């Protein structure tokens, strides 16, 4: 009996020893790997979110600058005096586009197109010329001037362009004011805030939709082609003109000879992103020295952008003057533009000096 119990105890001990050995072996082997398709997949690293591009509702048609402001105000074209007694002028730094063309004699006059910015005061304002008011009408602008020869005033009254003549509002204190610091005819200044009211009072529409001019995108702007042009100069006889590229501003600054074109109040400089120097036919048509200027036929031009110059052609596309190369319009750099119209009596290479 005793032997039986001893055998039973020995058997139980053997079972315990074997079980412990099996357990130790299993622990040394570790858990069996789960099938690959049952393993938890690692989440891919999240890609950094790209910053959202700013979304704008509108683009100013003459500058290509994006905005959330309404852009349905009508362009206002103002004749600005460039006699040496009229300098420095007021308002030119706010103009989207300025046309500079010879008037009588050897002095130029400006037609400044205002749309994206409206300065408080513009001037001194001078008299009308047909090639200017035709341009204003082609751009869909209200034409503002001070005085005109009878036959020119008759053309405007007969519908050549929507217009406001400062001679009828001379020093009224509302639309025009005379400055006491200068002598007539170099002292008549437009009060811009009154333009809309007075124009609508004459029955003119002061809201308009415009097709934007062609503009370069960001990548194209950063890679403008052309030869280096840090300084460009030429002369309208008694009116020498210089453009100097400012690398820090990334814009051109304008000079009449050595005198920089700045604002009368505050001396803010005219800063330009595009300069188009275009040659075309000029003809004196009367004893007073009045001219006809061909703004239709096209011709050679220089386009200055980002410190570089390209030889292009200019063409009139539905009334708007554009640079053209290989038959296609060349985009403007978004920003402000100055267009110099010079006689084609000499070639551009003879007239314009580029450094």
If I ask for residues that are farther than 21 Å from residue 140 by Cα and either touching a helix residue (DSSP H, G or I) at 6+ places or on another chain (Cβ under 9 Å) or buried (at least 20 other Cβ atoms within 10 Å of the Cβ) (or both), which ones from the stretch 310-343 would you list?
311, 312, 330, 333, 342, 343
Condition test on residue 284, is it surrounded by 14 or more Cβ atoms within 10 Å (Cβ to Cβ) and touching a strand residue (DSSP E or B) at 6+ places or on another chain (Cβ under 6 Å)?
no
Check off (1) without any contact (Cβ under 8 Å) to a residue 40 or more places away in the chain; (2) surrounded by fewer than 14 Cβ atoms within 10 Å (Cβ to Cβ); (3) in a helix (DSSP H, G or I) for residue 85 and give me the number that stays unchecked.
(1)
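Just to be sure before I move on: is residue 131 under 25 Å from residue 254 (Cα atoms), in contact (Cβ under 8 Å) with a residue 40 or more places away in the chain and assigned to a helix (DSSP H, G or I) in the structure I sent?
Values: under 25 Å from residue 254 (Cα atoms): yes; in contact (Cβ under 8 Å) with a residue 40 or more places away in the chain: yes; assigned to a helix (DSSP H, G or I): yes.
Taking the combined requirement at face value, the residue satisfies it.
Can you name every residue in the stretch 301-337 that is part of a strand (DSSP E or B) and within 14 Å of residue 229 (Cβ to Cβ)? Working first, answer last.
Start the filter on the stretch 301-337 by keeping residues that are part of a strand (DSSP E or B), which leaves 301-305, 308-317, 320-325, 328-329, 332, 337.
301, 302, 303, 304, 305, 308, 309, 310, 311, 312, listed by residue number.
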Which of the following residues is part of a helix (DSSP H, G or I) and at pLDDT 95 or above: 213, 156?
156
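To keep it simple, each residue is scored yes or no on (1) under 20 Å from residue 282 (Cα atoms); (2) surrounded by fewer than 21 Cβ atoms within 10 Å (Cβ to Cβ).
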site	(1), (2)
97	no, no
101	yes, no
111	yes, no
128	yes, no
144	no, no
150	no, yes
160	no, yes
Scanning the stretch 175-192 residue by residue, those without any contact (Cβ under 8 Å) to a residue 60 or more places away in the chain and part of a loop (DSSP other than H, G, I, E, B) turn out to be 175, 179, 180, 181, 184
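Out of contact with any strand residue (DSSP E or B) (no Cβ under 9 Å at 6 or more places or on another chain), in a helix (DSSP H, G or I), under 22 Å from residue 74 (Cβ atoms) and modelled with pLDDT of 95 or more: does that describe residue 140?
Working: out of contact with any strand residue (DSSP E or B) (no Cβ under 9 Å at 6 or more places or on another chain): yes; in a helix (DSSP H, G or I): no; under 22 Å from residue 74 (Cβ atoms): yes; modelled with pLDDT of 95 or more: yes.
Taking the combined requirement at face value, the residue does not satisfy it.
Does residue 172 satisfy the condition of being without any contact (Cβ under 8 Å) to a residue 12 or more places away in the chain and either assigned to a strand (DSSP E or B) or more than 24 Å from residue 74 (Cβ to Cβ) (or both)?
On the way: without any contact (Cβ under 8 Å) to a residue 12 or more places away in the chain: yes; either assigned to a strand (DSSP E or B) or more than 24 Å from residue 74 (Cβ to Cβ) (or both): no.
No, not satisfied.
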Would you point out the residue of the stretch 216-243, among those that are in contact with a helix residue (DSSP H, G or I) (Cβ under 9 Å, 6 or more places away or on another chain) and surrounded by fewer than 16 Cβ atoms within 10 Å (Cβ to Cβ), that is modelled with the highest pLDDT?
235
Failed condition for residue 61, given (1) surrounded by fewer than 13 Cβ atoms within 10 Å (Cβ to Cβ); (2) assigned to a loop (DSSP other than H, G, I, E, B), with all others met?
(1)
Selection count, the stretch 289-307, where residues are touching a residue at least 60 places away in the same chain (Cβ under 8 Å) and within 15 Å of residue 131 (Cβ to Cβ)
6
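The values are calculated or read from the model by the stated rules, or taken from the named source; none is laboratory data. Given the structure is predicted, the values throughout are model-derived calculations rather than measurements. Cβ: placed from backbone, ideal geometry, glycine included. Neighbour counts: every protein chain shown.
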